[in-house]
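Report on one structure; see the data block that follows.
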Amino acid sequence: MTDTSETKEQKADKHKKGEWKKHLRRLIIILIVVGASIAGYDYWDDNIKDRYYPRRFGVVKEGQIFRSGRIHENIIKDTLAENKIQVIVNLSSPWPPEIKAAEELGIEIKEFALAGDGTGKIENYAKAIREVERAKKQGKPVLIRCSSGSQRTGGAVAFYRLLIEGSRDNKAIIRELKKYGWGRDDVTLINYLNKNMLTMAELLKGMGVIDKIPSPVPQIYSRNVKIYDFAGQFADEDTDQSIN
């Protein structure tokens with residue numbers, strides 16, 4: 001006589017193993033699809049997207065001041081023309097397709113090189129802001145750009161918001177930095193901006209870009225960044241901080 005109870009147990013065990021294998025196969029397929037999607041998005045973002053959309057392009061002041069990273073040669077001329085750009089303030093290395101497009105469109109290029117992490121000669125930031133403000137006053141739409149459109153351009157825009165526009169909306173400053181690629185854990189840029197805020201204000205005042213040094217000198221507040229107290233450290237009113 002056949003032991004049916006053992007047969008049932010074996011069948012149940014086989015069924016469980018079969019179901020487990022099905023679930024495993026499904027999980028593997030899902031992981032493959034998700035991995036392929038992520039890889040595809042990364043490839044699109046790193047290698048294809050810039051051919052069709054200007055890198056981190058945005059508006060600082062409607063119709064007057066724009067920002068971006070280095071714009072791909074396939075679309076740079078059209079992008080500059082569509083936004084009626086008349087001045088480019090470049091904070092990174094020269095970009096031959098940009099130079100060619102600018103020559104064809106009659107656009108001025110001003111170059112003030114800074115390091116990729118947004119640090120560098122504070123005088124170059126000051127000169128860049130001077131050119132931006134000069135273009136704005138002349139009614140010439142201006143593009144501020146670096147390579148990625150994040151650190152150097154982000155630093156320039158933050159200086160502009162705080163020292164030219166007089167913004168004290170810290171959340172808006174941080175939100176704008178993050179929108180264009182700055183990471184909250186990257187304290188290098190913010191520490192540099194905060195440390196050089198007074199010097200930047202003195203330079204801009206010396207160049208006639210701003211009338212006076214703000215009091216208190218603004219700072220950007222974020223996690224783990226250094227905050228500088230410049231009380232009593234203002235340059236004398238007659239000190240000439242102008243640069244060529």
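The values are calculated or read from the model by the stated rules, or taken from the named source; none is laboratory data. Just so it is clear, the structure is predicted and the values come from calculations on it, not from any experiment. Here the Cβ is made from the backbone with ideal geometry for all residues, glycine too, and neighbour counts use every protein chain on show.
What the table below lists for this structure:
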| quantity | calculated |
| --- | --- |
| Single residue of 152, 134 found to be within 28 Å of residue 217 (Cα to Cα), touching a Cys at 6+ places or on another chain (Cβ under 8 Å) and of a type outside the set (Ser, Thr, Tyr) | 152 |
| Tabulated pairs, the range 55-75, first under 22 Å from residue 151 (Cβ atoms) and modelled with pLDDT of 95 or more, second aromatic (Phe, Trp, Tyr) and exposed (fewer than 15 other Cβ atoms within 10 Å of the Cβ), C-beta under 9 angstrom, 6+ apart or interchain | 72/52; 72/53 |
| Within the range 149-171, tally of residues that are within 14 Å of the chain's Cα centre (by Cα) and charged (D, E, K, R) | 1 |
| Members of the range 85-104 found to be more than 25 Å from residue 181 (Cα to Cα) and not in a helix (DSSP H, G or I), listed by number | 86 |
| Of all residues making up the range 105-139, the number that are part of a helix (DSSP H, G or I) and either of a type outside the set (A, V, I, L, M) or in contact with an Asp or Glu (Cβ under 6 Å, 6 or more places away or on another chain) (or both) | 10 |
